[in-house]
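The next block holds one structure in the form of structure tokens; read it before the comments.
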Amino acid sequence: MTSSLIEPRRGLTLVHATSLVVGITIGTGIFLKAAVMAQAVGTPALVLGAWVVAGIIAIFGALSFAELGALLPQAGGEYVYLRAAYGEVPGFLYVFNSFLVGGASISAYGAAVAIFLADIYRFDSVWFERTLHPFGSTYTFQLGMRQVIAVGVIALFAVINCAGVLLGGRVQTLLTAAKVISILAVAGGVFLFSGSADWGNLAAVPGAGAGAGLSGFGAALFAALWAYSGWQFLPMAASEVQQPERNLPRAIVGGTLLVLAIYLLVNVAYLYALPFWEVASSNSTAYPDAPSVAAKTVQTFLGAKAAPIAALIFLVSSIGALNGTILARARVPYAAARDGLFFESFGRLNPRTRVPVISIVLVSGWAALLAASGTFDQLTNMAVLSYAIFWTPVVLSVIVLRRKLPDAPRPYRVWGYPFVPLAFVLVMAWIVVNALVTRPTESAATIVLILLGLPAYPLFRRRRPASLPPASASAASE
């Protein structure tokens with residue numbers, strides 16, 4: 001049987017699918033982004049407010065993706081929706097971005113693993129370092145033990161995912177269960193045993209937050225959206241989900257609601273256990289050598305034992321997100337290659353495991369290269385801005401496809417239509433504009449990387465076999 005005739009195996013159950021949503025979403029942001037948010041807004045109430053607003057935004061996005069996933073349950077996720085709604089060019093730009101910039105999400109998890117391992121055993125040896133200053137930004141390329149660990153863990157989970165989607169799904173379920181139990185244990189430890197916990201820590205800080213304004217709150221939302229991003233990944237692997245019309249909406253919406261509840265509980269625990277200045281001075285770009293806010297919180301009830309135990313919790317969480325992201329990301333160029341819009345090798349399935357091994361290896365390889373450059377926050381900022389840029393037309397495609405494919409079966413319809421999709425789009429547009437204002441160089445670089453796909457599109461378009469049907473026709477026939 002040739003690879004072109006092999007179809008993906010629908011091995012992901014509802015439990016696996018929900019674990020993928022929860023496991024990717026709860027990754028590193030819950031442990032690292034509270035510090036950035038505290039620096040941006042200046043008060044505990046605004047930090048919690050940003051988590052709530054970002055959670056509501058995430059739910060609006062998840063509801064919209066649930067309709068799209070049930071309508072078009074094919075591999076590729078956002079690529080499929082953009083292609084069906086607007087044609088091949090936006091779809092191709094997303095694929096190009098998913099590979100080029102989306103690799104930053106995988107590399108960020110690899111970098112996070114190295115950060116958390118350093119809390120257990122210090123390994124600061126650097127063998128090579130070079131700093132570049134393109135367009136006023138600073139990017140440091142390093143080769144040392146941290147980079148070796150980041151690359152090694154990415155390679156390990158690439159191998160696991162090459163072994164088959166069922167194994168990847170089972171590993172994801174185990175890692176997600178372990179991380180949820182561990183995170184709830186952190187919150188429980190604070191409320192039951194913390195020696196420094198004080199509800200007074202949640203009171204307003206005198207003189208703080210007054211100057212943060214709308215841009216500061218936007219920056220906090222931007223940081224929180226990295227922590228909430230994850231619900232968009234499951235549709236990328238839709239062709240491997242059992243009964244996708246039923247299980248995709250349940251997993252996306254149910255998983256996102258569970259994450260929102262966990263995040264609010266844990267962040268209340270942080271702010272209850274620590275004075276606000278301790279939260280704001282935790283590990284971030286501004287304080288690169290400081291412990292994470294989660295490590296400081298665990299220390300309030302475990303004392304000197306906190307560092308290795310907290311690091312183990314963070315490692316499990318980061319690894320779970322890394323595994324799920326590799327599983328999902330590799331399906332985007334695979335789907336485009338099947339349509340003749342990406343390198344043909346990405347569209348091949350292994351005859352035995354029926355997974356896109358070449359796509360998994362090359363996507364992971366590119367992420368490993370990115371792991372050697374930039375800080376954690378730079379990598380996540382690139383990823384989040386690219387998410388927001390593409391989420392806007394993707395969620396608008398709910399409205400476009402209601403008009404374009406009015407008679408197509410929709411097993412799930414977004415609640416609050418059309419206000420929920422439109423509200424999500426308006427917030428994403430504001431976040432993109434705010435990022436351009438507050439981080440102009442970094443944001444411009446991300447946009448340039450996305451637009452690099454435009455000159456590449458004609459090259460792939462000319463190579464596509466004439467026997468392949470037009471994208472819009474194949475989408476409409478689903």
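Of note:
- Summarised as an ellipsoid, region 236-394 has semi-axes of 36, 20, 16 Å, derived from the eigenvalues of the Cα gyration tensor scaled by 5 and square-rooted, with the largest first.
- Angstrom value of the Kirkwood radius, inverse mean 1/r, which spans all Cα pairs in region 323-376: 11.6
- Residue separation of Tyr121 and Ala307 scaled by 0.36 nm, minus their Cα-Cα distance, works out to 66.0 nm of gained length.
- Taking only the Cα atoms of region 156-268, the radius of gyration and Dmax are 19.0, 56 Å.
- Lysine-lysine proximity count for the chain, Cα under 23 Å, sequence distance 8 or more or distinct chains: 5
- The ranking of Trp199, Trp415 by Cβ neighbour count inside 10 Å, starting from the fewest, reads Trp199, Trp415.
- Exposure proxy order (Cβ contacts within 10 Å, fewest to most) of Ser345, Ser397: Ser345, Ser397
- Distance between the pseudo-spin-label points of Lys404 and Glu344 (7 Å out from Cα toward the beta carbon): 2.8 nm.
- Shape analysis of region 216-312 yields a ratio of the Cα radius of gyration to the Kirkwood radius, Rg/Rh, of 1.09.
- Computed over the chain, relative contact order equals 35 percent, with contacts defined as Cα pairs under 8 Å that lie 6+ residues apart.
- With Cα atoms, 0 to 90° folded angle of helix 14-25 axis to the chain main axis: 50
- A convex hull fitted around the alpha carbon atoms of the chain yields 133 Å³ per residue.
- CD proxy at 222 nm, helix term only [per DSSP H run n ≥ 4: -39500 (n - 2.57); per residue of the chain; nearest 500]: -22500 deg cm²/dmol
- Nearest-20 debye value, region 3-476 charge dipole, Cβ charges on Lys, Arg, Asp, Glu: 1220
- For the pair region 1-69 and region 228-301, the centres of their Cα atoms are 8 angstrom apart.
Readers should treat all values here as calculations from the given coordinates under stated rules, not as data from a laboratory. Computed from a prediction, not measured in an experiment: that's the story for all the values here. When we count neighbours, we look across all protein chains shown, and the Cβ atoms used for this are built from the backbone with ideal geometry, even at glycine.
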